Amino acid sequence: MGMTGENPDLLIVGGGPAGMMAGLLFARAGVKTLVLEKHGDFLRDFRGDTVHPSTLELFHELGALDALLSRPHDKAARLSGLIGGEQVSIADFSHLPVPARFIALMPQWEFLDCVADLARAYPAFSLRMNAEATDLLWDGDRVCGAVCNGEPIRARLVIAADGRRSLLRERAELPREDLGAPIDVFWFRVPKARTDVNQSTGVVTTGRLLALIDRGDYWQCAYVFGKGMADAIRERGLDNFRADVAATAPLLAPGLDELQSWDQVKLLTVELDRLTCWHRPGLLAIGDAAHAMSPIGGVGINLAVQDAVAAANILAGPMAEGSAVDDLLWRVQRRRMLPTRIIQKMQRTAQNRIIDRVVLKNVPITRPPRIIRLMQRFPILQRIPAWLIGLGFRREHIRSPEASAPSR
Ligand SMILES: Cc1cc2nc3c(=O)[nH]c(=O)nc-3n(C[C@H](O)[C@H](O)[C@H](O)COP(=O)(O)OP(=O)(O)OC[C@H]3O[C@@H](n4cnc5c(N)ncnc54)[C@H](O)[C@@H]3O)c2cc1C
């Protein structure tokens, strides 16, 4: 697809939320951009379905919100939970000062496919699927490209957007700080009847934590447990697992018969880390490659997208004009490190305060914590988590140039 034999200006490794969004924005600015994705399609392992109000706002700024929302999705204007048997509201997005005041629950492949469609409208954009980068190319100690399926591809800049197991960040020897994530997740579907209002929720009882995403005719369930315990749970047998899930979330019980084999239960391992330096001459890491996010809060996709926007805001204009950008790379890290730190700090606090007590230490949960009870008495307080989750910190706006109108 496009550009074979001809070197791009920008080589992006990884077609996840960070890489695809960066591909769209740099190509939109007229930078000749090639995105490499090792998979043959966007139907990868599940890595979250939540598109937050801040990301929807970016699509609005790109004039593409309608295109995105024409894809299958559900809207969640509120987040609620069942804590210690009590139904509670946690976040209310309906007051946020943005065009789309809800979380769009959209399969990640629809999201990525939509970004790819938008990007293809710009002639500077190319996407190669089934294209795995296996090494970096060096010019002295400057990165000057990558090897893809055995073929060297040179570029003025390489963006490592290859996720939390990033090969590129390792090859570039970027220093990493492991923050530790004591949990893993089992991920499975349970059929349900459709309802008018999206009923996504979380269930917290003594020793158990389940997140339930309402996907219309099925629940997408995340069962959280202590890291490394997957085999022990499997060994206890599927019957025990089903009984455990039904006892934790009785609303799942009617559909649980459909869960007939461990093949239907996917293990997702959780990691939390960040690079202390996101760049070196010729290379910049963004998204999970720069900071692997935990699923807590469902903010990883949005943070990855915001990184891409910041990178394009700082680099796309100069690159389109032909300027060298090595001296600008640190500015992307400076801009994005603060929100990364704050969100990871929140994720760690949630891990330690809630997950550690509930899942690892079995502390009895008889009623919601005081802060959540306060939110029920004063619903206006539910706007605070809505702001933190929905908009985050230092949210980005599209400031990178558009070189030519898209050919749609
Ligand atoms: C269990 C779990 C649940 C989660 N749930 C949510 C959620 O509900 N909402 C949310 O916002 N976030 C969630 N997250 C976090 C979220 O998945 C990530 O933060 C987000 O996907 C990061 O995007 P990214 O583009 O940086 O990386 P990724 O999405 O990991 O994309 C990296 C891409 O690079 C490709 N790639 C890797 N290596 C190479 C290579 N060598 N050559 C070519 N291509 C390569 C991969 O195939 C992949 O497509 C979850 C994470 C976990 C672990």
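For the pair Leu268 and Asp239, label points projected 7 Å from Cα toward Cβ lie 3.0 nm apart. Sorting 202-211, 17-26, 60-69 by average packing, meaning the other beta carbons within 10 Å per residue, from highest down gives 17-26, 202-211, 60-69. In terms of its C-alpha gyration tensor, region 168-220 has a prolate overall shape, because the principal axis ratio a/c (a ≥ b ≥ c, square roots of the eigenvalues) is not below 1.5 and a/b outweighs b/c. Annotation: average projected area of the chain is 19.5 square nanometres, based on the convex hull of Cα atoms across all directions.
When +1 charges are put on Lys and Arg Cβ atoms and -1 charges on Asp and Glu Cβ atoms, the dipole computed for region 19-145 relative to its Cα centre reaches about 240 debye. The mean of 1/r over all distinct Cα pairs in region 105-195, once inverted, gives the Kirkwood hydrodynamic radius of 16.9 Å. Normalising by the residue count of region 273-371, find the relative contact order in percent from Cα pairs under 8 Å and 6+ residues apart. Relative contact order, region 273-371: 25 percent. Between Ala304, Ala22, Val265, the Cα set farthest toward the positive side of the dipole of the chain (charges on each charged residue's Cβ, about the Cα centre) is that of Ala304. Taking the Cα atoms of region 308-367, the ratio Rg/Rh between the radius of gyration and the Kirkwood radius comes to 1.37.
Quick one: which of Lys192/Lys227; Lys75/Lys192; Lys75/Lys227; Lys227/Lys361; Lys38/Lys227; Lys266/Lys345 span more than 25 angstrom between C-alpha atoms? As for pairs spanning more than 25 Å Cα to Cα, those are Lys192/Lys227; Lys75/Lys227; Lys38/Lys227; Lys266/Lys345. Subtracting the Cα-Cα distance of Glu61 and Thr206 from their residue separation scaled by 0.36 nm leaves 47.8 nm. The packing ranking of peptides 173-181, 51-59, highest mean first, is 51-59, 173-181, where packing means the average number of other beta carbon atoms within 10 angstrom of each residue. Per the Cα gyration tensor, region 271-355 maps to an equivalent ellipsoid with semi-axes of 28, 11, 9 Å, ordered largest to smallest. Using the crude model of +1 on Lys and Arg Cβ and -1 on Asp and Glu Cβ, and no other charge, please compute the dipole size for region 216-268 relative to its Cα centre, in debye to 20. Using only the charged Cβ atoms, the result is roughly 240 debye. Taken about its Cα centre, the chain carries a charge dipole of about 1460 debye when Lys and Arg each add +1 at the Cβ and Asp and Glu each add -1 at the Cβ. Computed extension gain for Trp109 through Trp138, at 0.36 nm per residue and net of the alpha carbon distance, reaches 7.1 nm. When the Gaussian network model of the chain links Cα atoms closer than 10 Å, the mean-square fluctuations of Arg120, Arg377, Arg156 top out at Arg377. Seen against the Cα atoms of the chain and their longest principal axis, helix 17-28 is set at about 30 degrees. Considering only Ala247, Ala155, Ala320, the Gaussian network model of the chain with Cα springs below 10 Å gives its largest mean-square fluctuation to Ala247. Going from the residue with the fewest nearby Cβ atoms within 10 Å to the one with the most, Leu303, Leu391, Leu127 rank Leu391, Leu127, Leu303.
Selection among Thr366, Asn313, Ala104 by position relative to the dipole of the chain gives Thr366 as farthest towards the positive end (Cβ unit charges, Cα centre).
Since every read-out is calculated from the coordinates, none of them should be taken as a lab result. Nothing here was measured: the structure is a model prediction, and the numbers come from that model. Note that we place each Cβ from the backbone using ideal geometry, even for glycine, and neighbour counts take in every protein chain shown.
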